[in-house]
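A.B. asks: Below is the structure I would like to discuss, written out as structure tokens.
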Amino acid sequence: MTPQLTLTRQDLRRLAITRQHLSQKETPAMLDVIRDLGCVQLDPIRAVERTHLLVLWSRLGNFDEAALERLRWEEKALFEYWAHAASLVLTEEYPVYSWGMRQRRDDPGRAARYQKWFDEHPGIIELKNHILDRLREEGPLFSRDIESENSLRYESRWSSGRFVGFILDYLWTNGEILTVERVGNQRKWGLAEQFWPAWTPQEEWTAQQTCCFAVQKAVRALGAATVKQMKVHYTRGMYPGMTAVLKQLVKEELLIPVKVEGLSDDYYLHAADLPLLHELQNGAWQPHTTLLSPFDNLICDRDRTEALWDFFFRIEIYVPAAKREYGYYVLPILHGDQLIGRLDPKMDRATNTLHIQNVYAEPGAPKFKKTVREIGQSVMSLAAFLGAEQIVWGNVPDAWLGLKQAG
């Protein structure tokens, strides 16, 4: 019997970082980066830059945003849907998301909740049909084009209370409509059937096919992963029959059970990444220093981040300013295979100034001039990407005061 493979936490960190194109290893084309990540989260907050752009900048540097727009709206290689959160996902992987759409449409509990809304608010079904009719007759529309002062309303603490937004979300998660254009944060909605390019795979996958694909996708994106980590990654909560699928993938030798030193949970490594693991263990590791979006794929699972990096990270956007420990929109500093600190930045677009309000070093973070120089270079790269004409530094740790020479 072959002895079980054991990885160090360093092995796993380096494998995950390399698989997610955050090492110094040559970075492939943008679409290939997104393929390996599986999805790129969307979020409206722009204190620095929107997260999907930051995630790509961390890997590609000062990339051409127009190239991303072409992938989204002209080539339609990407579309917006739920992955582990609302995200950019791959059109070529449509069968995975189509399965999720069908499950949402057919879920009895969800159907009952919506039926309750329909029963309590007469006219809502007519509003839904009206929206679909307008999209069919007039083509894509912004939600503001559909709204009217006479739209049905409901009590809400979290939104305008208009049913148009409620219905658009319902139709989107059902797969009936999609975002077909964006102007800033404003989404233009169109019928899904009119969005898909001719090459979109339309076969309907079974639950087993869907889970088999998603498990392998998640494991490869994470380097190696536990069952819990897979479940919250890629297609969060959409892993039907996972126990049987894992057993089959192990039997087929596509997944390899591994142990990670110092961690009690069982991990799985994809057989396709075994050669890369051996390369990294034998000296092929190429460290890189960059900054990460708080929603970056590498660290979006906070429990995993703490287990592998001893780095406790929680976003403080919804924490009152006086109670924040680090800041509103903090970017962790990835240095090689370590998370060594955090930046509290804010981009002032009126003055084209990137303010680094605070810099925090983790206990034991390196103090070498080379480390400080590489952090500074990352900040200057970010400033260039944002179009900042100057960098203004706030509080910086004594050991990293050399950062203030950057920019």
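A.B. asks: List the number of the failed condition for residue 174; all other conditions in (1) out of contact with any strand residue (DSSP E or B) (no Cβ under 7 Å at 6 or more places or on another chain); (2) open to solvent by less than 10 Å² (accessible area, probe 1.4 Å); (3) within 16 Å of residue 144 (Cα to Cα); (4) of a type outside the set (Asp, Glu) hold.
C.D. replies: Answer for residue 174: the failing condition is (3).
A.B. asks: Additional query: Looking only at the range 324-333, decide whether some residue is among the small types (Gly, Ala, Ser), at pLDDT 95 or above, open to solvent by less than 50 Å² (accessible area, probe 1.4 Å) and at positive phi. Give the derivation first.
C.D. replies: Just the residues of the range 324-333 that are among the small types (Gly, Ala, Ser), to begin with: 327.
Filter again for at pLDDT 95 or above, leaving 327.
Checking the rest, the ones that are also open to solvent by less than 50 Å² (accessible area, probe 1.4 Å) come to 327.
Cutting the leftovers down to at positive phi gives us 327.
For the range 324-333, residues among the small types (Gly, Ala, Ser), at pLDDT 95 or above, open to solvent by less than 50 Å² (accessible area, probe 1.4 Å) and at positive phi: present.
A.B. asks: Across the range 110-155, what is the number of residues that are loosely packed, with under 12 Cβ neighbours inside 10 Å and modelled with pLDDT under 60?
C.D. replies: Of the residues in that region, 4 qualify.
A.B. asks: Go through (1) over 21 Å from residue 61 (Cα atoms); (2) of a type in the set (S, T, N, Q); (3) touching a Ser or Thr at 6+ places or on another chain (Cβ under 9 Å) for residue 351 and report which single condition fails.
C.D. replies: All conditions are met except number (3).
A.B. asks: Another question about this same structure. Which ones in the range 306-318 are more than 21 Å from residue 49 (Cβ to Cβ) and surrounded by fewer than 20 Cβ atoms within 10 Å (Cβ to Cβ)?
C.D. replies: So the first thing to find is which residues in the range 306-318 are more than 21 Å from residue 49 (Cβ to Cβ), and the list is 306-312.
306, 307, 310, 311, 312 - these are the residues of the range 306-318 that are more than 21 Å from residue 49 (Cβ to Cβ) and surrounded by fewer than 20 Cβ atoms within 10 Å (Cβ to Cβ).
A.B. asks: A further question follows. For the range 62-70, state whether one or more residues are at pLDDT 95 or above, among the small types (Gly, Ala, Ser) and open to solvent by less than 20 Å² (accessible area, probe 1.4 Å).
C.D. replies: Looking for residues that are at pLDDT 95 or above, among the small types (Gly, Ala, Ser) and open to solvent by less than 20 Å² (accessible area, probe 1.4 Å), one finds none in the range 62-70, hence no.
A.B. asks: Taking the criterion of being crowded, with 18+ Cβ neighbours inside 10 Å, under 27 Å from the mean Cα position of the chain (by Cα) and part of a helix (DSSP H, G or I), would at least one residue in the range 353-370 satisfy it?
C.D. replies: no
A.B. asks: Something else about it: Report whether or not residue 16 is in contact with a strand residue (DSSP E or B) (Cβ under 9 Å, 6 or more places away or on another chain), open to solvent by less than 50 Å² (accessible area, probe 1.4 Å) and closer than 20 Å to residue 269 by Cα. Steps first, please.
C.D. replies: Values: in contact with a strand residue (DSSP E or B) (Cβ under 9 Å, 6 or more places away or on another chain): yes; open to solvent by less than 50 Å² (accessible area, probe 1.4 Å): yes; closer than 20 Å to residue 269 by Cα: yes.
Yes, satisfied.
A.B. asks: Now a separate question. Look through the range 184-202, keep the residues that are outside any strand (DSSP E or B) and among the hydrophobic types (A, V, I, L, M, F, W, C), and return whichever of them is most open to solvent (accessible area, probe 1.4 Å).
C.D. replies: Narrowing the range 184-202 to residues outside any strand (DSSP E or B): 184-185, 192-202.
If we keep only those that are among the hydrophobic types (A, V, I, L, M, F, W, C) as well, we get 192, 195-196, 198-199.
Numbers: 192: 4, 195: 6, 196: 41, 198: 112, 199: 130 Å².
Across the range 184-202, the extreme among qualifying residues is 199.
The values are calculated or read from the model by the stated rules, or taken from the named source; none is laboratory data. Fair warning: this is a prediction, and the values are worked out from it, not measured in the lab. Glycine gets a Cβ as well: all are built from the backbone with ideal geometry, and neighbour counts include every protein chain shown. Remember, those area values only see protein heavy atoms, side chains included, never the ligands or the DNA or RNA. Shrake-Rupley method; radii C 1.70, N 1.55, O 1.52, S 1.80 Å.
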